[in-house]
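A quick write-up on the structure given underneath.
The values are calculated or read from the model by the stated rules, or taken from the named source; none is laboratory data. Every value quoted in this text rests on a predicted model; they were computed, and no experiment measured them. In this analysis, Cβ positions are derived from the backbone assuming ideal geometry, glycine residues included, and neighbour counts consider all displayed protein chains. Side chains are part of the model used for accessible areas, which takes the heavy atoms of the whole protein and leaves out ligands, DNA and RNA. Shrake-Rupley method; radii C 1.70, N 1.55, O 1.52, S 1.80 Å.
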Amino acid sequence: MDLKPLVTLLAIVNPLAIVPFFIHYTQGFSEAQRKRTIRTAAFSAFCVIAACALLGLQILEFFNISLPSFQVGGGLLLLISAMNMLNAQPAEAKPATNELEEGAEKAAAGDSIAVVPLTIPLLTGPATMSTVVIYANDAQTFLQHGALVGYGLVIALATWICFSLADPIARVLGKTGINVMTRLMGLILAALAVEVMAGGLTKIFPVLVGS
């Protein structure tokens, strides 16, 4: 397994783009509360990726969904995420809904903001989950599956670093810098999305290979 899954996951998750939301949701938190939120968010992101890598294919089999169909659907999700990012929005954001406000209300009711909405859906939403499952199918050996789970650790580490340095990052990059980074990652993600969809379509319609 190459580093393409890691690049794809980093482009989708893009913790830098979530830094402003982290700052917003942790306003008024003590230093200990912020650190606990960071640890929980990083660990939750790893758990989501690891679970999809190890159990995602079994879940598809249970619901009798073919992988090529899932590739096409997952590719479409990636493309939608890329379009969001090209507009400088988080990959998993739904700008037409009150998802973030609902997440804040849940947090106020006692749910941990580290899980909702920071980890799900902002960091690891449907696009992230489908990507991990697609690459898990390409993993043929235990070592390759282990590498995919290991990429989850890298994502968790990146999340922990970005959130820990949230205030300095926001000061250095500013809103414009974060938007530029988000758009760049969105462009990379769009190209990867087309590749994922192409792989699924050629399996569903083999005639496309010879055309």
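Candidates in the range 34-48 are the residues that are among the hydrophobic types (A, V, I, L, M, F, W, C) and out of contact with any helix residue (DSSP H, G or I) (no Cβ under 6 Å at 6 or more places or on another chain); of these, the one that is least open to solvent (accessible area, probe 1.4 Å) is VAL48.
For the range 10-33, the set of residues classified as open to solvent by 30 Å² or more (accessible area, probe 1.4 Å), touching a residue at least 12 places away in the same chain (Cβ under 8 Å) and not hydrophobic (A, V, I, L, M, F, W, C) consists of PRO20 only.
For the range 2-37: of the residues being assigned to a loop (DSSP other than H, G, I, E, B) and over 19 Å from the mean Cα position of the chain (by Cα), which is modelled with the lowest pLDDT?
Keep residues of the range 2-37 that are assigned to a loop (DSSP other than H, G, I, E, B), which gives 2-3, 14, 26-30.
Subsequent filtering for residues that are over 19 Å from the mean Cα position of the chain (by Cα) retains 26-30.
Details: THR26: 85, GLN27: 77, GLY28: 80, PHE29: 85, SER30: 87.
Of everything passing the filter in the range 2-37, GLN27 is modelled with the lowest pLDDT.
Matching residues to (1) closer than 30 Å to ALA170 by Cα; (2) charged (D, E, K, R):
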residue: VAL7; (1), (2): yes, no
residue: PRO15; (1), (2): yes, no
residue: ILE18; (1), (2): yes, no
residue: PHE21; (1), (2): yes, no
residue: GLU31; (1), (2): yes, yes
residue: GLN58; (1), (2): no, no
residue: GLU61; (1), (2): no, yes
residue: SER66; (1), (2): no, no
residue: LEU77; (1), (2): yes, no
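Scan the range 142-179 for residues that are open to solvent by 80 Å² or more (accessible area, probe 1.4 Å), closer than 20 Å to LEU122 by Cα, of a type outside the set (S, T, N, Q) and without any contact (Cβ under 8 Å) to a residue 60 or more places away in the chain and jot them down. Steps first, please.
Of all residues in the range 142-179, those open to solvent by 80 Å² or more (accessible area, probe 1.4 Å) come to 142-143, 153, 157, 160, 165, 171-172, 175-176.
Going one step further and asking which of them are closer than 20 Å to LEU122 by Cα, we end up with 153, 157, 160, 165, 175-176.
Still in the running and of a type outside the set (S, T, N, Q): 153, 157, 160, 165, 175.
The one that is open to solvent by 80 Å² or more (accessible area, probe 1.4 Å), closer than 20 Å to LEU122 by Cα, of a type outside the set (S, T, N, Q) and without any contact (Cβ under 8 Å) to a residue 60 or more places away in the chain: LEU165.
Considering the range 119-147, the residues that are in a helix (DSSP H, G or I) and among the small types (Gly, Ala, Ser) include one that is nearest to LEU79 (Cα to Cα), namely ALA127. Take the conditions (1) more than 16 Å from the chain's Cα centre (by Cα); (2) surrounded by 22 or more Cβ atoms within 10 Å (Cβ to Cβ); (3) of a type in the set (Gly, Ala, Ser); ALA53 misses just one of them, which is (1).
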